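The values are calculated or read from the model by the stated rules, or taken from the named source; none is laboratory data. What you see is a predicted model, and the numbers here were worked out from it, not measured in a lab. Here Cβ is always computed from backbone atoms with ideal geometry, including for glycine, and neighbour counts include all displayed protein chains. Surface accessibility is based on the protein's heavy atoms, side chains included, excluding ligands, DNA and RNA. Shrake-Rupley method; radii C 1.70, N 1.55, O 1.52, S 1.80 Å.
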Amino acid sequence: MAAVPAMAQTHQETRGQAEDGNPDSQSSLADAYFHGRDGFEQNDYLALHWYKKIAERGDDFAIQQVGRLLLTGDFDVAPEAAKDRAIKWYQDALAKGHSTSKRQIEKITAMSAEDVAALRLESQLEKALAILECNKGDTLPCGDEPQKSALLKIKTLADQELTSAQSVWGSLLFDEGAMAKLGGKPDPNAAIAYLTKAANKGDETAMLFLARVYEHGRGVPKDTAAALMWYDRAMAKMTAERAEAAKNNVIISGGNDTLIQCKLHFLRGDKIAEHTRQECTAWDREAFYRAY
């Protein structure tokens with residue numbers, strides 16, 4: 001009798017334990033199918049099945065995940081029908097005493113069919129990115145063909161005017177490895193076109209990518225004025241978001257505001273204190289170059 005590979009045996013054991021009602025195995029299996037990891041290929045149907053099993057025990061996270069999948073999962077259901085199914089799920093959960101479901105019902109009820117459709121596109125983008133970033137020891141579809149399909153999916157989503165996909169596709173058009181999978185080469189002009197579309201719709205990541213491109217002449221001539229413009233716009237967006245959050249007593253921590261302020265200082269040639277210069281140099285080397 002042929003030996004069963006170690007990973008396959010582990011999968012069989014996990015499934016068996018989950019079928020027997022083991023809570024930890026059910027949770028592991030649901031997460032694995034949802035994210036496409038631990039050797040399990042991403043599958044919304046199976047993720048939904050196992051999250052429902054866990055939700056039956058009143059698990060808050062599982063209840064939220066079922067609602068999320070019903071709304072944005074890869075099922076052959078129209079946006080309005082998906083919205084109705086998600087609302088019905090949360091109504092049932094509320095009737096069983098899950099009080100936080102009320103907020104989800106209100107949130108989803110306020111959504112239009114277009115809002116739901118956009119969320120579903122975002123979910124597709126998330127799955128495509130997971131395939132591009134996967135580790136062969138963790139996720140199954142890591143070969144060139146699945147990654148090629150993922151790249152083409154991202155381009156399709158970008159051409160469907162999904163802002164986040166335009167930002168991602170624009171950055172990928174600079175990536176030699178990604179373009180080689182599609183049998184092509186980097187295309188800075190096309191990249192800038194996609195990034196500009198996303199940036200003009202308020203995508204901060206696209207703004208910062210464009211700023212870096214123009215600052216360093218990555219595939220295009222250096223343009224300090226353009227770099228300053230995009231850093232300024234990104235800074236203005238973050239400042240506005242923080243001010244709006246403060247009205248609701250919400251503090252937004254982290255972000256790139258310190259990095260951007262440093263870039264503005266350097267590019268404008270501002271006179272700044274030595275400790276500020278040292279801080280900016282540390283930020284620039286340790287964070288900004290790694291992120292962008």
Residues of the range 120-135 classified as more than 20 Å from Lys83 (Cα to Cα), open to solvent by 40 Å² or more (accessible area, probe 1.4 Å), in contact (Cβ under 8 Å) with a residue 24 or more places away in the chain and not aliphatic (A, V, I, L, M), total:
1
How many residues, within the range 144-188, are assigned to a loop (DSSP other than H, G, I, E, B) and among the hydrophobic types (A, V, I, L, M, F, W, C)?
4
Could you give every pair whose Cβ atoms fall below 8 Å, whose first residue belongs to the range 147-167 and is farther than 17 Å from Ile131 by Cα and open to solvent by 40 Å² or more (accessible area, probe 1.4 Å), and whose second residue is among the hydrophobic types (A, V, I, L, M, F, W, C) and assigned to a helix (DSSP H, G or I), counting only separations of at least 6 or pairs across chains?
Gln160/Leu121
Taking the options Lys271, Lys201, name whichever one is within 27 Å of Lys155 (Cα to Cα) and modelled with pLDDT of 75 or more.
Lys201
Odd one out for Phe40, checked against (1) open to solvent by 20 Å² or more (accessible area, probe 1.4 Å); (2) aromatic (Phe, Trp, Tyr); (3) assigned to a loop (DSSP other than H, G, I, E, B)
(1)
Quickly run through the range 78-105 and pick out the residues that are open to solvent by 30 Å² or more (accessible area, probe 1.4 Å) and aliphatic (A, V, I, L, M).
Ala78, Ala81, Leu94, Ala95
Among the aliphatic types (A, V, I, L, M), within 17 Å of Ile154 (Cα to Cα), part of a helix (DSSP H, G or I) and touching a Gly at 6+ places or on another chain (Cβ under 7 Å): which single residue out of Ala117, Ala130 fits that description?
Ala130
How many residues does the range 205-249 hold that are part of a helix (DSSP H, G or I), closer than 27 Å to Asp159 by Cβ and open to solvent by 40 Å² or more (accessible area, probe 1.4 Å)?
5
Mind checking which residues of the range 164-205 are over 21 Å from Gly217 (Cβ atoms) and of a type in the set (Ser, Thr, Tyr)?
Ser164
